[in-house]
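Heads up: the structure comes next, in structure tokens.
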Amino acid sequence: MRERQASPGARRAREFEAFVAGAAGRLLHAATLLTAEAPRDNPRARRLLTLSLAHTYACWDRLRGEDPYERARQSLATRFAREAWHRHGVRGRGRSAPPGALAALSAQERLVIVLRLYEGVAEEQAAALLGLPTERVRVICDRAIAALTHAPARAAPAVRGPKVAPS
């Protein structure tokens, strides 16, 4: 009989593991887009995801019908915004600029683009999450899309011929 009645802690852990198994990939991709890191080399995104999942687990019992993915995404976004605020203008302390199109955007623009376009969050929800007016979120999103679509093409690397030994 005791084997059938799982402790609340064990049940909580199983539910959370099932949630992580289903949602961690998408959340990691969102975190990687936010940090503008390469998909295979994304330590900041992994750290951001780990902290967000830890926060979600800590408040798992208080969700009471609330979508855990929404809570994890909210934690991911606020942690990224807070981290970007503290780093204001510093790109990874000595690291080179990350590759990719999103690296050209500011942290706020990346956050709005990921929430609106990748996650499909409505303008009103994104505005409430970020503490901005809806119109401001719309302007940031439009500006970021324009920057991405009208970005100058990167110059192709110079092709060099074979080296000729001096005669």
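The values are calculated or read from the model by the stated rules, or taken from the named source; none is laboratory data. All values reported here derive from a predicted model rather than from experimental measurement. Methodologically, a virtual Cβ is constructed for each residue, glycine included, from the backbone with ideal geometry; neighbour enumeration extends over all protein chains shown. Just the protein is used for accessible areas: all its heavy atoms, side chains included, with ligands, DNA and RNA removed. Shrake-Rupley method; radii C 1.70, N 1.55, O 1.52, S 1.80 Å.
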Subject >> Accessible surface of the range 26-148 [probe 1.4 Å, protein heavy atoms]: carbon and sulfur percent >> reply: 55
Original post:
Between residue 59 and residue 87, 0.36 nm times their residue separation minus their Cα-Cα distance comes to what?
Top reply: 7.3 nm
Original post:
Computed over the Cα atoms of the range 6-62, what is the ratio Rg over Rh, Rh following Kirkwood?
Top reply: 1.07
Original post:
Order of 25-32, 56-63 by packing, highest average Cβ count within 10 Å first?
Top reply: 25-32, 56-63
**OP:** Give the accessible area for residue 136 in Å² (nearest 10); use a 1.4 Å probe, count only protein heavy atoms, and leave out ligands, DNA and RNA.
**Re:** 90
